[in-house]
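Okay, so here's the structure we're looking at.
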Amino acid sequence: MHKQSGWAAAAFVAATMAAGPAAARELVAFDAAAEAGTVVVRTAERRLYFVNGDGTAIRYPVAVGRAGKQWTGYARIDGKYLRPAWSPPDEVKRDNPRLPDVIAGGSPSNPMGVAALTLDRGEYAIHGTNRPGSIGTFASYGCIRMYNQDVADLYGRVQVGATVVVTR
């Protein structure tokens, strides 16, 4: 995956945000005990919350793991990547042997979308998607999918090391 920082990342995020509105991102009341900067994923709701720390959070619609592919618990964001290349994990490759070993970043067939926030828990990430119709569903192998505009927004807010809490 290709990591960018500083002004290049800020410019990319701004350009992605200008590309179109995120249909359902919204500021909501959030009273769960979580520090500012924490990411909370509520699998049953198919929603991700970025905690602001002032009793509010930014709520994003997401796609989550399909039956048998979901997980719960804690992780940390261990990397931020723009236009990441993607190598299918072994399980995905077994299920889809015709997939190439690597799909280049920026390719329309790359399922990672415009950005990825990798987690320190296995091969999972919070990432964009080339299948926006999957948002709001149980679709992945355990990753959290977001609209590309929303993952670009989250990319600009979240820090490496931030806590991610995934609940049912």
* Structure fact -> The residue from PRO61, PRO88, PRO84, PRO21 that alone is modelled with pLDDT under 95, surrounded by 15 or more Cβ atoms within 10 Å (Cβ to Cβ) and under 20 Å from SER134 (Cα atoms) is PRO88
* Which numbered condition GLY113 misses (of (1) surrounded by fewer than 24 Cβ atoms within 10 Å (Cβ to Cβ); (2) under 19 Å from ILE103 (Cβ atoms); (3) of a type outside the set (Val, Ile, Thr)) -> (1)
* Only one residue in ASP101, ASP90, ASP95, ASP153 is farther than 13 Å from VAL41 by Cα and under 12 Å from the mean Cα position of the chain (by Cα), so which one is that? -> ASP153
* Asked: In segment 108-142, how many are closer than 21 Å to ARG25 by Cα, outside any strand (DSSP E or B) and among the polar types (S, T, N, Q)?
  -> 4
* Structure fact -> For segment 133-162, pairs from a residue that is of a type in the set (A, V, I, L, M) to a residue that is in a helix (DSSP H, G or I), with Cβ under 8 Å and 6 or more apart or across chains, are MET146/LEU154; ALA152/PHE12; ALA152/VAL13; ALA152/THR16; ALA152/MET17
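Filter segment 123-168 for residues that are of a type in the set (Gly, Ala, Ser) and touching a Phe, Trp or Tyr at 6+ places or on another chain (Cβ under 8 Å) and give the result.
Applying the first criterion (of a type in the set (Gly, Ala, Ser)) to segment 123-168 yields 125, 128, 133-134, 136, 139-140, 142, 152, 156, 161-162.
Within segment 123-168, GLY128, GLY142, ALA152 qualify.
Can you tell me which residue within segment 83-105, out of those that are outside any loop (DSSP other than H, G, I, E, B) and among the hydrophobic types (A, V, I, L, M, F, W, C), is farthest from GLY65 (Cα to Cα)? If you could, list the steps in order and put the result at the bottom.
Our first condition is that a residue be outside any loop (DSSP other than H, G, I, E, B); within segment 83-105, this holds for 86, 90-95, 103.
Add one more test, that the residue is among the hydrophobic types (A, V, I, L, M, F, W, C), and what stays is 86, 92, 103.
On the way: TRP86: 18, VAL92: 13, ILE103: 21 Å.
Ranking the candidates gives ILE103 first.
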* Quick one: ARG145 ticks every box in (1) touching a His at 6+ places or on another chain (Cβ under 7 Å); (2) over 29 Å from VAL28 (Cβ atoms); (3) not in a loop (DSSP other than H, G, I, E, B) except a single one, so which number is it? => (2)
* To do: Please work out which residue is surrounded by the fewest Cβ atoms within 10 Å (Cβ to Cβ), limiting yourself to segment 116-163 and to residues that are closer than 13 Å to VAL64 by Cα and touching a Leu at 6+ places or on another chain (Cβ under 8 Å).
  => ILE144
* Asked: Within the set of pairs 6+ apart or on separate chains, which have a first residue in segment 47-59 that is within 15 Å of VAL164 (Cα to Cα), a second that is of a type in the set (Gly, Ala, Ser), and C-beta atoms under 7 Å apart?
  -> TYR49/ALA57; PHE50/ALA57; VAL51/ALA34; VAL51/ALA36; VAL51/GLY37; VAL51/ALA57; ASN52/ALA36; GLY53/ALA36
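The values are calculated or read from the model by the stated rules, or taken from the named source; none is laboratory data. Fair warning: this is a prediction, and the values are worked out from it, not measured in the lab. Reconstructed Cβ throughout: ideal geometry from the backbone, glycine too, with neighbour counts over all protein chains shown.
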